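All remarks here apply to the structure that follows.
The values are calculated or read from the model by the stated rules, or taken from the named source; none is laboratory data. These numbers come from a predicted model, not from an experiment. Cβ placement follows ideal geometry from the backbone for every residue including glycine, while neighbour counts extend to all protein chains displayed. Ligands, DNA and RNA are stripped out before the accessible areas are found, and what is left, the full protein with its side chains, is counted by its heavy atoms. Shrake-Rupley method; radii C 1.70, N 1.55, O 1.52, S 1.80 Å.
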Amino acid sequence: MTDQQMEQLKKQLTDQLESLEDRVEHTEEFDTTELSNYDNHPADNATDLFDQERGMALTQFKEEEIADIKAALAAMEEGTYGKCVECGKEIPYERMEALPTALTCIDHASNDLDLESRPVEEDVLQGSTDQPVEKEDGRLRDFTNSFEDVEDFGSSDGPQDQPGNDEQMGDFYDGEGEDEKG
């Protein structure tokens, strides 16, 4: 990497750091417009909560980006910028240009996606009465699947929701609407 390329990346990093720090510093706290949540519709409360959580997630993301930029700038000061911290090989300029905060070569980049962990809410919430919550008082529910009882009265399933091809659906409505023909 040439000195000119290094200066270009340093300027890009410092500009980005300045911008992120300014946005984190001037983040407006979410303020609800209601004096009391007592008379609010639950959806309004949920919207307020979502806005708060989104703001916190964005702030956390910006703070992580700031930490990455500071680590890259520190590597520049130490003279190790542009070399993989894992193997010591030169990181191609194209990678550094695309991701100036990169401290590893593409071979050592962390591509591990966490596909195993599930949201913590799933430990508490159950989607069916077939699987009751542990330590729940047995007098609170009858633990029968009420959907089966409701489905006996009909559902919104139409021919498009049934397995098979269109020819098999010819008699799906047989007997319905015959009085209207005559």
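Hey, can you tell me all the residues within segment 86-98 that are surrounded by 15 or more Cβ atoms within 10 Å (Cβ to Cβ) and either at positive phi or in a loop (DSSP other than H, G, I, E, B) (or both)?
Within segment 86-98, ILE91 is the sole residue that qualifies.
Any idea which of (1) among the polar types (S, T, N, Q); (2) open to solvent by 70 Å² or more (accessible area, probe 1.4 Å); (3) modelled with pLDDT under 90; (4) part of a helix (DSSP H, G or I) is the one GLN8 doesn't satisfy?
(3)
Does segment 56-68 contain at least one residue that is modelled with pLDDT under 90, assigned to a helix (DSSP H, G or I) and open to solvent by less than 80 Å² (accessible area, probe 1.4 Å)?
Yes, there is a match, as at least one residue in segment 56-68 is modelled with pLDDT under 90, assigned to a helix (DSSP H, G or I) and open to solvent by less than 80 Å² (accessible area, probe 1.4 Å).
Give segment 71-96 a look and list any residue that's within 24 Å of GLU21 (Cα to Cα) and out of contact with any helix residue (DSSP H, G or I) (no Cβ under 7 Å at 6 or more places or on another chain), or say none.
Across segment 71-96, the qualifying residues are ALA71, ALA74, ALA75, GLU77, GLU78.
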